[in-house]
1. For VAL65, state whether it is touching a His at 6+ places or on another chain (Cβ under 9 Å) and open to solvent by 70 Å² or more (accessible area, probe 1.4 Å).
2. Taking segment 86-108 only, how many residues are in contact with a strand residue (DSSP E or B) (Cβ under 8 Å, 6 or more places away or on another chain) and open to solvent by 60 Å² or more (accessible area, probe 1.4 Å)?
3. Could you pull out the residue among TYR119, TYR86 that is part of a helix (DSSP H, G or I), modelled with pLDDT of 95 or more and in contact with a Lys or Arg (Cβ under 9 Å, 6 or more places away or on another chain)?
4. Within segment 9-22, work out how many residues are open to solvent by 80 Å² or more (accessible area, probe 1.4 Å), of a type in the set (D, E, K, R) and over 13 Å from GLY118 (Cα atoms).
5. Could you check how many residues of segment 109-160 are within 20 Å of ARG17 (Cβ to Cβ), open to solvent by less than 70 Å² (accessible area, probe 1.4 Å) and either in contact with a helix residue (DSSP H, G or I) (Cβ under 6 Å, 6 or more places away or on another chain) or not small (Gly, Ala, Ser) (or both)?
6. Among residues belonging to segment 89-105 that are part of a strand (DSSP E or B) and among the β-branched types (Val, Ile, Thr), point out the one that is farthest from THR144 (Cα to Cα).
7. Given (1) assigned to a helix (DSSP H, G or I); (2) of a type outside the set (Ser, Thr, Tyr); (3) at pLDDT below 95; (4) in contact with a helix residue (DSSP H, G or I) (Cβ under 8 Å, 6 or more places away or on another chain), where does ASN71 come up short, assuming only one miss?
8. Please give the number of the condition LYS25 fails out of (1) assigned to a helix (DSSP H, G or I); (2) of a type outside the set (Phe, Trp, Tyr); (3) under 17 Å from ARG141 (Cα atoms); (4) open to solvent by 70 Å² or more (accessible area, probe 1.4 Å).
Amino acid sequence: MENSGMSYEEVFKFAFRSGSIPLLKNLAQQLKGIDFIEMLKAVTNEMAVEAGREMARRSPKNDFVAYISQNKKFYSSPFWSHVLTYTIVEDTDKLFEEKITECLFAKTFREANASDIGYATYCYGDFGFAEGFNPKIRLTRTKTLMQGDDCCHFRWVWEG
């Protein structure tokens with residue numbers, strides 16, 4: 001738990017640009033003829049659905065209010081406050097909307113020309129996570145930084 005003397009950005013570059021990104025790019029090359037990105041998305045979704053279910057099991061309730069409360073708590077943690085810059089656009093009992101304008105995941109993967117891998121492994125699971133927590137929570141996301149947009153635009157709606 002000692003301070004590494006590195007910024008969050010330096011840690012991300014060390015971990016991803018010299019580790020997992022080259023590994024995944026090489027694996028994609030080895031698997032010619034297989035849609036590697038679609039395979040990553042499928043695995044990411046399976047893992048995200050299970051993570052959402054696990055969070056619901058640990059939560060006293062698995063309704064919309066509990067989901068959004070966990071979201072807010074998660075993003076306000078020391079780690080995520082250094083990784084993401086976001087604003088809440090709307091927050092009601094049945095709708096939660098936020099925009100992320102800075103993301104170290106997107107910055108790191110885009111700079112390494114691996115935004116397709118980044119999207120498949122870090123962004124795609126957002127839908128499955130919400131579904132796993134409660135199928136009545138519907139996520140729409142019209143933009144992502146990872147795909148070159150000016151923000152990630154999330155909108156969760158309670159359909160219960």
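1. Numbers: touching a His at 6+ places or on another chain (Cβ under 9 Å): no; open to solvent by 70 Å² or more (accessible area, probe 1.4 Å): yes.
Judged against the criteria, VAL65 is not a match.
2. 11
3. It is TYR119.
4. 1
5. 13
6. Here the answer is VAL89.
7. Condition (4) is where ASN71 drops out.
8. Unmet for LYS25, out of (1) assigned to a helix (DSSP H, G or I); (2) of a type outside the set (Phe, Trp, Tyr); (3) under 17 Å from ARG141 (Cα atoms); (4) open to solvent by 70 Å² or more (accessible area, probe 1.4 Å): (3).
The values are calculated or read from the model by the stated rules, or taken from the named source; none is laboratory data. Because the structure is predicted, anything quoted here is derived from the model rather than measured. Methodologically, a virtual Cβ is constructed for each residue, glycine included, from the backbone with ideal geometry; neighbour enumeration extends over all protein chains shown. Areas reflect the complete protein model, heavy atoms only, side chains present, ligands, DNA and RNA absent. Shrake-Rupley method; radii C 1.70, N 1.55, O 1.52, S 1.80 Å.
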